[in-house]
Amino acid sequence: MTIEARYAAAEAAAYGDFVRRFPAYATTTAVDELRAADYARLDRLGHTYLDYTGGGLYAESQLRRHHELLAGRVLGNPHSLSPTSLASSELAKEAREAVRRFFHAPEDEFAIVFTPNASGALKLVGEAYPFVPGGVFLLSYDNHNSVNGIREFACRKGAAATYIPVREEDLRLDEEQVRTALRGAGRGGEAGAPAKLFAYPAQSNFSGAQHPLDWVAEAHDLGWDVLLDCAAYAPTNRLDAAAIGADFIPISFYKLFGYPTGSGCLIARREALARLQRPWFAGGTITLASVQQEDWYHLAPGATGFEDGTIDYLGLPAVTIGIEHLEAVGIDVVHARVHALACWLLEELAALRHSDGKPLVKVFGPRDGERRGATIALYLLDREGRPYDVYDVEAAAARERISVRSGCFCNPGDGEVAHHISRDDMERCFTDPSAAITLLQCQRSIEDKTGNVPNTIRVSLGLASDFADVRRFLVFAESYRDRPAPVPQSG
């Protein structure tokens, strides 16, 4: 029997059990109507999309509205006072106001800097943050590599980069360990004291673990600036910038609503933005420059001084449209929906067993819905407890038109802890004399040396997810019951 036939036979009973266990899902049925109207291509083409942490899906109405706007106007580079430039400037202003409204970032407190994506926002902070000898860049193990990369700026300027590990059992940060690390660098914040930056994710893009947002205020009290990575958090959770008070919040809009893919922003507290020291200037970032003296230039104030070159003035109207689309759905509705689906899937995966009673699935990170997002990292295990090759699993899912992701998800800290990969295990990947070792060769080398598999399968839910999606993945996972053990592969 095919996966489709098995799923169809059990769907009605499974759905009835699901809504009985998670009645909050019944309050989100408006999303089912939205999916039928705006994401119909998923079911028409037979796709089960489970990679929302990788990228959101756009609604068909977003594309129509954006096309109609562009087709009905003449828009030009905004760095002018011409009619077409002023029209573009007004649309950019509308996008900035939409971002403020959605994330509650009042203009008197926050600047909205448009960037290509969250990584671009993080690079702006890293290259301009006033790191000096005696300063500290404190960050958690489970940061995305775009945050990890800031350590290169810090270390090259003589500051220290220090990591706080996550716990192996649930990939969470230990709260007392965080507080000890924050207190360990002294109070700071006094005039002339070296600047200190603390960076952590509101939600891990690997495990879905969510960390306390009140750490921001605690860090501020100890003289730290705080970078709160919300790229994985914002698509399914309400984000109130004013209430949280983080100095720097990077956002990728395509993670929220799928389109456009070339626009992001940095939500920055104005006083923190003013302390950044840009290492260069560019077209659009200055009010005045001269070539007759190498230090003659005036950086534009506020967000403009950080928006290098010409902003994406044709794409930014799509940001406004996307935010309005998400507002119409309701972020709290999205949260309730994906939380119910994720909790059900976690429970059902935990119950899967081989015929001899051995577990079929291992989940990395939180095993229940407490303080976690709808991102689940896992292995499918054989009867000896060994993981089936994740690339083979991903390929098998793809043949069923199920989109999941495999790898470390640009989050090496969570991956190294989850899979017991030590510094010594990683060494060959960075010291191989040939200097030509590939990612796959590194992974196979670690697996051969340690028996540990350094990559993972990730399932993630979002705006258009429904019960049929998670049920279909469960049936797919269940199809691995009692399969023969995977054949070991050498590096």
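The values are calculated or read from the model by the stated rules, or taken from the named source; none is laboratory data. Keep in mind the model is a prediction, meaning the values are calculated, not measured. Cβ sites come from the backbone with ideal geometry, for glycine too, and all protein chains shown count toward neighbours.
Could you tell me which numbered condition LEU461 fails, if it satisfies all but one of (1) more than 30 Å from ARG35 (Cα to Cα); (2) at pLDDT 85 or above?
(1)
When you go through GLU107, GLU152, GLU68, GLU90 one by one, which is the residue that is loosely packed, with under 14 Cβ neighbours inside 10 Å, touching a Gly at 6+ places or on another chain (Cβ under 9 Å) and free of Cβ contacts under 8 Å to residues at least 60 places away in the same chain?
GLU152
Go through (1) under 20 Å from ARG472 (Cβ atoms); (2) in contact (Cβ under 8 Å) with a residue 12 or more places away in the chain; (3) loosely packed, with under 13 Cβ neighbours inside 10 Å and name the single condition VAL74 misses.
Result: VAL74 fails condition (1) only.
Within the range 169-183, does at least one residue satisfy the condition of being within 25 Å of THR456 (Cβ to Cβ), buried (at least 17 other Cβ atoms within 10 Å of the Cβ) and among the polar types (S, T, N, Q)?
no
I need the full set of residues from the range 267-312 which are in a loop (DSSP other than H, G, I, E, B) and of a type in the set (A, V, I, L, M, F, W, C), in order please. First the steps, then the outcome.
At the first step, the residues of the range 267-312 found to be in a loop (DSSP other than H, G, I, E, B) are 276-285, 290-296, 300-301, 307-312.
Selection gives LEU276, TRP280, PHE281, ALA282, VAL291, TRP296, ALA300, ILE311.
Can you confirm whether ALA24 is surrounded by fewer than 22 Cβ atoms within 10 Å (Cβ to Cβ), of a type outside the set (S, T, N, Q) and touching a helix residue (DSSP H, G or I) at 6+ places or on another chain (Cβ under 7 Å)? Can you show your working first?
Numbers: surrounded by fewer than 22 Cβ atoms within 10 Å (Cβ to Cβ): yes; of a type outside the set (S, T, N, Q): yes; touching a helix residue (DSSP H, G or I) at 6+ places or on another chain (Cβ under 7 Å): yes.
In short, yes.
Condition (residue is free of Cβ contacts under 8 Å to residues at least 24 places away in the same chain and out of contact with any Leu (no Cβ under 6 Å at 6 or more places or on another chain)) applied to the range 197-217: is it met by at least one residue? Spell out the reasoning first.
Of the residues in the range 197-217, the ones free of Cβ contacts under 8 Å to residues at least 24 places away in the same chain are 214.
Next cut, out of contact with any Leu (no Cβ under 6 Å at 6 or more places or on another chain) only: 214.
Yes: the range 197-217 contains one or more residues that are free of Cβ contacts under 8 Å to residues at least 24 places away in the same chain and out of contact with any Leu (no Cβ under 6 Å at 6 or more places or on another chain).
Take the residues in the range 203-212 that are part of a loop (DSSP other than H, G, I, E, B) and surrounded by fewer than 24 Cβ atoms within 10 Å (Cβ to Cβ); name whichever of them is farthest from the chain's Cα centre (by Cα).
Checking each candidate, the answer is PRO212.
Which one is farthest from the chain's Cα centre (by Cα), of the residues in the range 140-159 that are among the small types (Gly, Ala, Ser) and outside any strand (DSSP E or B)? Full working, then the answer.
Initial filter on the range 140-159 (among the small types (Gly, Ala, Ser)): 140, 146, 149, 154, 158-159.
Adding the requirement that they be outside any strand (DSSP E or B) leaves 146, 149, 154, 158-159.
On the way: SER146: 10, GLY149: 15, ALA154: 23, GLY158: 29, ALA159: 27 Å.
Out of the qualifying residues, it is GLY158.
Which of (1) closer than 14 Å to GLY302 by Cα; (2) touching a residue at least 24 places away in the same chain (Cβ under 8 Å) is the odd one out, the single condition ALA242 does not satisfy?
Answer for ALA242: the failing condition is (1).
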